[in-house]
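The values are calculated or read from the model by the stated rules, or taken from the named source; none is laboratory data. Predicted, not measured: the structure shown is a model, and the values here were computed from it. Ideal geometry is used to build each Cβ from the backbone, glycine not excepted, and the neighbour counts take in all protein chains shown. These area figures cover heavy atoms from the full protein model, side chains too; ligands, DNA and RNA do not enter into them. Shrake-Rupley method; radii C 1.70, N 1.55, O 1.52, S 1.80 Å.
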Amino acid sequence: MSSASPVQATSPVQATSPVQAHELLLPEDGPVRRLVVLLHGYGGDGREMMALARRMARRMTTAAFFCPDGGETCPEGVSGRQWFSTPGFRPGWVAGDPAAMPPADAAGHALMGRNAAAVCPALDARIRGLLGSLEVPAAATAFAGFSQGQMMSLAMMMARLATGQPAPAAVVGFSGTLLGALPELPEGGSRPPVMLVHGEADDVVPFASARWVQARLGAAGFRVELLARPGLDHRVDFAGLAAATAFLDDHLPQ
């Protein structure tokens, strides 16, 4: 691998690309061989995830990192952007198995699932366009996201699997959950490896949700690693990021 440091793109990859320069980090030397899509959480933006991308790029020197901004501004009084709206949100909506939730929380969980599914096609179209510009195969792509970004990453993975599109090589989720019912998946079909990193002291998306996601995906044939971070609240720490970087580096084609 090259030891060169990555550089941020100074212009969109192509004039027809919907990707903005501040959303993309490219290797300094040589062709792009892999693409990591990093999705921010509620109230964040692509620049926030770009800080993580720069750390990940120290190891993943042939990867490009796409850190898009969510398509919606947050409601008044909240800075940053969101991928989908969550009116009336409370932690009970994402506390684990919706079948075990009180009806009001289960309804909130279902609303989030519908809203996430509705915006997946537009985001996935941006990713496909970028793959074409970079000449990177879909099989050399990984999805990763924090909080709402994890929810989107898993939703996009499931949408691809359900429609027969190429699946990502791997998925990483930080401090999020799984939304909606799992689609019917072909017997013996692709099941990308998944890593979950979650703080045990998370008071926004409770840690119990990570245990449930691991069990739910595992029952569907996915290999899921869960890294519990003792004492960590709703954020990404250096140890979790290092483990996630190693996981993606190991599972993406070289």
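Annotations
- On the stretch given as the range 228-251, residues that are of a type in the set (A, V, I, L, M), under 14 Å from Gly176 (Cα atoms) and under 16 Å from the mean Cα position of the chain (by Cα) total 1.
- Qualifying residue in the range 170-185 (condition: open to solvent by 50 Å² or more (accessible area, probe 1.4 Å), assigned to a loop (DSSP other than H, G, I, E, B) and either farther than 20 Å from Asp249 by Cβ or not basic (Lys, Arg) (or both)): yes
- Residues in the range 11-34 that are modelled with pLDDT of 80 or more, among the small types (Gly, Ala, Ser) and touching a helix residue (DSSP H, G or I) at 6+ places or on another chain (Cβ under 6 Å): 0 in all.
- Extreme residue, nearest to Asp97 (Cα to Cα), among residues of the range 197-216 that are out of contact with any His (no Cβ under 8 Å at 6 or more places or on another chain) and in contact (Cβ under 8 Å) with a residue 40 or more places away in the chain: Trp212
- Filter pass, Ser209 being out of contact with any Gly (no Cβ under 7 Å at 6 or more places or on another chain) and either of a type outside the set (Lys, Arg) or in a loop (DSSP other than H, G, I, E, B) (or both): no
- Tally, over the range 186-207, of residues that are open to solvent by 60 Å² or more (accessible area, probe 1.4 Å) and more than 22 Å from Thr163 (Cα to Cα): 2
- Take the conditions (1) in a strand (DSSP E or B); (2) without any contact (Cβ under 8 Å) to a residue 60 or more places away in the chain; (3) buried (at least 19 other Cβ atoms within 10 Å of the Cβ); Glu225 misses just one of them, which is (3).
- Of all residues in the range 232-243, those that are within 13 Å of Leu52 (Cα to Cα) have Cβ atoms under 7 Å from Cβ atoms of residues that are among the basic types (Lys, Arg) and open to solvent by 30 Å² or more (accessible area, probe 1.4 Å), 6 or more apart or on another chain, in Asp237/Arg229; Ala239/Arg229; Gly240/Arg229; Leu241/Arg55.
- Residue among Val236, Val197 that is in a loop (DSSP other than H, G, I, E, B), in contact with a Phe, Trp or Tyr (Cβ under 6 Å, 6 or more places away or on another chain) and over 22 Å from Pro137 (Cβ atoms): Val236
- Out of Gly149, Gly164, sole residue that is under 30 Å from Pro31 (Cα atoms) and modelled with pLDDT under 95: Gly164
- Only one entry of Arg223, Arg235, Arg216, Arg211 meets the criterion of being basic (Lys, Arg) and within 14 Å of Gly145 (Cβ to Cβ), and that entry is Arg235.
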